[in-house]
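Just below is one structure, and these are the notes that go with it.
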Ligand SMILES: Nc1ncnc2c1ncn2[C@@H]1O[C@H](COP(=O)(O)OP(=O)(O)OP(=O)(O)O)[C@@H](O)[C@H]1O
Ligand SMILES: [Mg+2]
C-alpha cells in the first residue's frame, strides 16, 4: 500500500527564518495520525505547507501518488484535501447552514443534501443551530462547524489544526469521538496537529513529536502515550 500523504524532508521558511527543518511524515489510507508539539514548534506551518501556502522550499509533498509541492492551494483543495485551520476560521456573519454550503465543492453538488444530513447526524448541535449565525456559536460548536465545513468537500484527507484548543475536556471528548466514528465507519484518513498530546495520542493510530521544526520521535499512539520522555514533556501536569 502506498501512503496517502508523504511529506519528504520538507523545509519551509518565513523569509530567512527556517520554520521546518527537514520534516518526514507518512499517513496511510484509513489512518488517524497526529503531530504533537509545543507552542511555536511548527505544527501549523506543516499543515499549511501541505496545503501549499507557504510552499516547501526543499523536499516534497506527495498526495495520492502526485507531487503537490509546487501546486497552488486551490488546486490542492480540488484533490480533496480539506482542512479545519487553526482558529477555525468560520464565517461569523453567515448562518451555520451557509457556512456548510461554503465548504461544498461544485463537483459534489448532487450529494449536497445527503452530505449535510450526514454532518447533522454527526453533530446534532449544528442541526439545532443551522439558522444561527456562526459568530454566535460556542467554541465547541464553532469547531464542529469548522470540521463539518471541511467534510462538505468529501475529503480523502482531513487536516485538523488544534481542534481541541480552548475547549473544555468534555467537549473535546465529543468532537474526538466524532472523528473516530468517521474514521471507523467511513475509513476517513485524518492528520491532526495538537498541543493536547493526551487527547491526540489517545485518538490516533500513530503519532509524531515535533520540536523546533523537526520530528524528534514517532510511534504508535499508545506507545508514545506510555513513553517517559513524552510523558515528562507533554503529559505530566498537562490537561488530561
Ligand atoms: N507568518 C510568519 N512569519 C514569520 N514567522 C512565522 C510566521 N508564522 C509562524 N512563524 C514562526 O514559525 C515557527 C512555527 O510556527 P507555527 O505557527 O507553525 O507553530 P505551531 O506549532 O503551530 O504553534 P502553536 O501551537 O502556537 O499554534 C514559530 O517560530 C513562529 O514564530
Ligand atoms: Mg499552530
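Does residue 196 fit the bill of being within 16 Å of ligand 2 (Cβ to nearest atom) and on the phi > 0 side of the Ramachandran plot?
Spelling it out, it is not the case that residue 196 is within 16 Å of ligand 2 (Cβ to nearest atom) and on the phi > 0 side of the Ramachandran plot.
Residues to consider are 84, 53, 2; find the one that is more than 30 Å from residue 124 (Cβ to Cβ) and touching a helix residue (DSSP H, G or I) at 6+ places or on another chain (Cβ under 6 Å).
53
Test of understanding: among 19, 56, which residue is part of a loop (DSSP other than H, G, I, E, B), over 18 Å from the mean Cα position of the chain (by Cα), modelled with pLDDT of 95 or more and within 14 Å of ligand 1 (Cβ to nearest atom)?
After ruling out the rest, the residue left standing is 56.
Okay, residues lined up against (1) outside any strand (DSSP E or B); (2) within 16 Å of ligand 2 (Cβ to nearest atom); (3) more than 21 Å from residue 210 (Cβ to Cβ):
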position	(1), (2), (3)
6	no, no, no
41	yes, yes, no
47	yes, yes, no
69	yes, no, no
77	yes, no, yes
92	yes, no, yes
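Can you give me the number of residues within the stretch 148-177 that are part of a helix (DSSP H, G or I), within 16 Å of residue 120 (Cβ to Cβ) and in contact with a helix residue (DSSP H, G or I) (Cβ under 7 Å, 6 or more places away or on another chain)?
Qualifying residue count for the region: 5.
Only one of these is at pLDDT below 95, buried (at least 16 other Cβ atoms within 10 Å of the Cβ) and over 16 Å from the mean Cα position of the chain (by Cα): 233, 197. Name it.
The unique qualifying residue is 233.
Report yes if residue 30 is away from ligand 1 (no atom under 13 Å from the Cβ) and touching a helix residue (DSSP H, G or I) at 6+ places or on another chain (Cβ under 8 Å), otherwise no.
Here the answer is yes, as residue 30 does meet what is asked.
What is the one condition in (1) buried (at least 20 other Cβ atoms within 10 Å of the Cβ); (2) in a loop (DSSP other than H, G, I, E, B) that residue 82 does not satisfy?
Residue 82 satisfies all of (1) buried (at least 20 other Cβ atoms within 10 Å of the Cβ); (2) in a loop (DSSP other than H, G, I, E, B) except (2).
Output yes when any residue across the stretch 91-100 is surrounded by 14 or more Cβ atoms within 10 Å (Cβ to Cβ), in contact with a strand residue (DSSP E or B) (Cβ under 9 Å, 6 or more places away or on another chain) and under 19 Å from residue 188 (Cα atoms), and no when none is.
no
Quick one: in the stretch 208-228, which of the residues that are farther than 12 Å from residue 34 by Cβ and either part of a helix (DSSP H, G or I) or at pLDDT below 95 (or both) is nearest to ligand 2 (Cβ to nearest atom)?
Only one residue tops the list, namely 227.
The values are calculated or read from the model by the stated rules, or taken from the named source; none is laboratory data. Nothing here was measured: the structure is a model prediction, and the numbers come from that model. Positions of Cβ are backbone-derived with ideal geometry, glycine not excepted, and every protein chain shown enters the neighbour counts.
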